[in-house]
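First the structure, which I've put down as structure tokens, then a few questions once you've had a look.
Bear in mind that the values in this text are calculations on the coordinates, not laboratory data. These numbers come from a predicted model, not from an experiment. Cβ placement follows ideal geometry from the backbone for every residue including glycine, while neighbour counts extend to all protein chains displayed.
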Amino acid sequence: MSAAQVEAFSVDELDARGRAVVAYTAAKLQARLAKAKKAHDELICAAYRAQGDALNIEAQAKRRLADEYDAAQARGEVARLGDNLPRVTTRNASKPTAADVGSPAKNSTRRARSGTRKSATAARR
């Protein structure tokens, strides 16, 4: 082998080693990015599960509130629809209403309880 052939061989070898280093570095980077993406996806899934659990807890609380309000109406502890009409004999002995109990607005509370009752009925089936 002549000196020119040896020099050409070592240049080719160095070029091949350089390409191998670049390929190895790219593979390492791809693996690191894949690992980070997997961790990200797992965190996103955990966040979605937590949101779903929170919605379930909120729905259960609303159903419980509607059931308790209905039971209080049945026991006569809170006013029913129409209890504020003029036929009520004693005005001083009026029962607390949904607004007095802490609900924001009469109509929205009634609608919310109605929707909650429907979802509770569907959940029991």
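How big is the range 19-85 along each principal axis, measuring the range of its Cα positions in Å and listing the largest first?
Over the range 19-85, Cα extents along the principal axes are 89, 18, 8 Å.
Moving on to the next point. Would you grab the residues whose amide H sits under 5 Å from the one on Val78? Only those 5+ places off in sequence or on another chain, please, with H modelled 1.01 Å from N.
Amide H neighbours of Val78, under 5 Å, 5+ apart: Gln73.
Within 10 Å, count the other beta carbons around each residue, average over each peptide in 62-73, 34-45, and list them highest first. Provide the component values of the computation, followed by the final result.
Values: 62-73: 15.3, 34-45: 10.0.
The densest-packed peptide leads the list: 62-73, 34-45.
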